[in-house]
Amino acid sequence: MPEKTLFELSSPGRQAWSLPKLDVPPIDAGESARKDNELPELSEVDVARHFTRLSVMNHHVDKGFYPLGSCTMKYNPKVNELACRMPGFTGLHPLEPESLTQGALRLMYELARMLEEITGFDAVSLEPAAGAHGELAGIMMIRKYFEKRGEQRDVVLVPDSAHGTNPASVTLSGFKPVQIKSNAKGEIDPDELERACSTCVACLMVTNPNTLGIFEPEAKRICDIMHKQGSLVYLDGANLNSYVGVHRPADAGFDVMHINLHKTFSTPHGGGGPGSGPVAVTKALEPLLPKPVVKRRNQGTRGSSGAEYYLDYSRPDSIGRVMGFHGQFAVLVRAYTYIRMLGAAGLKDAAENAVLNANYVRAGLEDIYDLPYKDRSLHEVVFSGSNLREHGVKTLDVAKRLLDYGMHAPTIYFPLIVPEALMIEPTETESRESLDEFIKAMKQIADEARTNPDILRRAPVTTPVRRLDEAKASRELDVNWGTKS
Ligand SMILES: *Cc1c(COP(=O)(O)O)cnc(C)c1O
């Protein structure tokens with residue numbers, strides 16, 4: 001049975017609240033006010049049960065395995081939630097004066113320093129609200145960098161394996177994206193790059209490890225090729241979880257990167273948010289960072305307001321504001337808590353286990369599914385379901401069938417350079433038992449493709465809703481559904 005909406009469950013006169021008797025005469029707000037405020041009427045237990053039922057219908061990391069490649073859907077430690085729900089944080093208003101927000105500013109200041117230490121960059125802005133937003137801020141800084149130097153550069157190179165947000169950020173910033181073809185191993189070909197790079201190119205966007213989970217072996221040479229033409233190199237840091245504590249990307253020569261706090265440093269982000277995409281830069285780009293930037297006065301000294309930590313708005317070369325207030329603050333608190341809980345050794349451990357887990361899954365499935373790019377992969381592995389086509393089964397069917405096994409599907413049909421792609425990222429938070437269970441399910445599904453392909457084409461058969469038209473909800477959004485009589 002599909003869950004009814006609150007409007008369908010409503011029963012006139014039921015209420016989940018009780019207020020003291022009025023000590024003033026009641027007034028009638030009028031018919032039109034009543035019509036505008038037609039709310040469902042339910043008791044508290046009805047409301048609690050409705051939302052509890054909904055919460056377990058949906059798949060989430062607290063319910064089961066979630067190997068959604070490129071998204072790093074790791075388990076989110078509950079201590080993060082305790083920290084970001086502390087009343088001192090939740091009761092803050094972003095317009096409160098610095099003298100009353102020293103704790104929050106200090107947390108932001110220290111988090112930025114930790115991210116600098118982790119990445120090797122010279123400065124960090126915590127403002128951007130997601131990875132894609134960090135890309136936009138980073139590319140806008142690159143545009144301003146060349147404007148200030150009086151250089152006319154209008155092209156940004158983007159590999160064909162890149163996430164779709166890369167060319168989108170390039171276009172939104174007024175640049176022209178030009179695609180670079182990957183070589184047979186799925187890597188950027190330095191010779192191809194050499195041919196494509198000229199003084200018209202503002203920058204190259206690199207994802208490392210790339211979206212196949214493969215570490216670009218020539219990262220340093222790639223940066224050198226770009227720098228020789230005066231171009232910059234942008235690093236998409238969405239895959240930082242595979243090398244945090246092991247490698248500092250600034251050492252390879254990158255100029256700008258964004259970090260998806262909601263991937264590498266926990267925070268559950270299934271369902272569209274919230275996220276946070278700090279952007280990290282070298283000294284040359286530091287003056288261009290979005291404003292404000294949290295600064296600290298010389299240790300022990302305080303400004304006239306008594307504040308040691310303050311928001312610096314006097315940044316004449318800044319690209320300006322990119323957020324209404326000061327980043328996604330609750331996500332910053334979660335990332336800060338996560339980093340402080342794990343420490344340097346713990347972060348490195350997490351990265352190593354993320355790589356180990358992905359390679360465990362790879363070894364368990366490489367005889368069953370096609371593996372088009374065979375180089376050693378890091379934190380994720382991209383299979384192809386092409387070998388199931390002969391049974392009339394698509395990767396989409398495999399993904400849908402996994403839901404019947406109680407697991408979230410991997411990312412499918414991305415990266416675009418792999419036909420029928422199945423992009424699996426187990427993350428470090430999964431036990432060996434849960435990986436074994438996933439491998440077993442994927443093997444059974446491959447068996448079903450041979451013996452009972454029909455069940456795959458009809459899957460999922462055990463979920464609250466079956467195969468949905470996935471584009472309809474966004475193209476024909478109907479927010480009044482359920483309120484119509
Ligand atoms: C997730 C991801 C992005 C975009 O990040 P959001 O936080 O979802 O905006 C960009 N590039 C890659 C490789 C990603 O995996």
Reachable lysines, given that their alpha-carbon falls under 20 Å from the alpha-carbon of Lys74 and they are not under 8 places away in the same chain
Lys63, Lys263, Lys348
Please work out the C-alpha center-to-center distance from region 111-155 to region 163-214 and express it in whole Å.
17
Compare the peptides 443-454, 7-18 by average per-residue count of other Cβ atoms within 10 angstrom and give them in order, highest first.
443-454, 7-18
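Test of the criteria: in region 15-104, which GluC sites (Glu not before Pro) are in a DSSP loop and have at most 16 other Cβ atoms within 10 angstrom of their Cβ? Intermediate results must be reported in sequence, preceding the final value.
Details: sites: Glu31, Glu38, Glu41, Glu44, Glu81, Glu98; in loops: Glu38, Glu41.
Qualifying residues, ordered by number: Glu38, Glu41.
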Hey, which aspartates and glutamates would be in cross-link range of Lys394, C-alpha to C-alpha under 19 Å, not counting anything within fewer than 8 residues on its own chain?
Glu366, Asp367, Asp370, Asp404, Glu420, Asp447, Glu448, Asp454, Asp469, Glu470
Euclidean distance between Cα centres, region 6-64 to region 318-382, Å:
40
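Relative contact order, percent, of region 1-142 when contacts are C-alpha pairs under 8 Å separated by at least 6 residues?
Working: 60 pairs, mean separation 22.2, N = 142.
Taking the mean separation of contacting Cα pairs over the length of region 1-142, I get 16 percent.
Just add up the charged neighbours of Gln229: K/R +1, D/E -1, any other residue whose Cβ is under 10 Å from the Cβ of Gln229. Numbers along the way, then the final one.
On the way: positive: Arg153, Lys228; negative: Glu194.
With Lys, Arg at +1 and Asp, Glu at -1, the net is +1.
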Once both labels are modelled 7 Å past Cα along the beta-carbon direction, what's the Lys181-Lys148 spacing in nm?
3.8
What size of dipole, in debye to the nearest 20, comes out for the chain about its Cα centre when the only charges are +1 on Lys and Arg C-beta atoms and -1 on Asp and Glu C-beta atoms?
540
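Order Arg401, Arg49, Arg321 by their accessible area, 1.4 angstrom probe, all chains in place, largest first. Numbers along the way, then the final one.
Working: Arg401 30, Arg49 145, Arg321 105 Å².
Sorted by accessible area, descending: Arg49, Arg321, Arg401.
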Region 199-337: percent of C-alpha pairs farther apart than 24 Å?
44
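Quick one: net charge around Asn166, please, counting Lys, Arg +1 and Asp, Glu -1 for every other residue with C-beta under 14 Å from its C-beta.
Working: positive: Lys176; negative: Glu135, Asp160, Asp236.
So the environment of Asn166 carries a net charge of -2.
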Stokes-Einstein D in µm²/s, Kirkwood radius over Cα pairs - region 256-394 at 4 °C with 1.567 mPa s viscosity
67
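Could you work out the relative contact order of the chain? I mean the mean sequence separation of Cα pairs under 8 Å and 6+ apart, divided by the number of residues, in percent.
Numbers: 879 pairs, mean separation 93.8, N = 485.
Computed value for the chain: 19 percent relative contact order.
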Separation between the Phe89 and Asn452 pseudo-spin-labels, each 7 Å from Cα along Cα→Cβ, expressed in nm?
4.7
What shape does region 78-338 take by its C-alpha gyration tensor, where a ≥ b ≥ c are the square roots of the eigenvalues and a/c under 1.5 counts as rounded, a/b above b/c as prolate, and the rest as oblate?
prolate
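Once every DSSP H run of n ≥ 4 in the chain is given -39500 (n - 2.57) and the sum is divided by its residues, what mean residue ellipticity at 222 nm do you get, rounded to the nearest 500 deg cm²/dmol? If you can, show how the numbers build up before the last one.
Details: 16 runs with 178 residues, N = 485.
Computed mean residue ellipticity for the chain: -11000 deg cm²/dmol.
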Using the Cα centre of the chain as origin and beta-carbon charges of +1 (Lys, Arg) and -1 (Asp, Glu), tell me which of Val418, Phe121, Leu365 is placed farthest towards the positive end of the dipole.
Phe121
Over the chain, with a single point scatterer placed on each C-alpha, what log10 of the ratio I(q)/I(0) does the Debye formula yield at q = 0.06, 0.07, 0.08 1/Å?
-0.33, -0.45, -0.58
Calculate, axis by axis, the spread of Cα positions in region 156-253 along the three principal axes, and write the results as whole Å, longest axis first.
35, 27, 26
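Roughly to the nearest percent, how much of the accessible area of the chain is carbon and sulfur, given a 1.4 Å probe? Write out the running numbers ahead of the final one.
On the way: 12830 of 23820 Å².
After summing per-atom areas, the C and S share lands at 54 percent.
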Filter on Lys78/Lys220; Lys291/Lys374; Lys185/Lys443 - keep pairs with C-alpha separation over 32 Å
Lys78/Lys220; Lys291/Lys374
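Return one whole number: the accessible area per residue of the chain in Å², for a 1.4 Å probe. Don't jump to the answer; show the numbers that get you there.
Working: 23820 Å² over 485 residues.
Heavy-atom SASA per residue in the chain reads 49 Å².
The values are calculated or read from the model by the stated rules, or taken from the named source; none is laboratory data. Computed from a predicted model, the values in this text were never measured in an experiment. Every residue, glycine as well, gets a Cβ built from its backbone with ideal geometry; the counts of neighbours run over all protein chains shown. All accessible areas refer to the heavy atoms of the entire protein, side chains included, with ligands and DNA or RNA removed. Shrake-Rupley method; radii C 1.70, N 1.55, O 1.52, S 1.80 Å.
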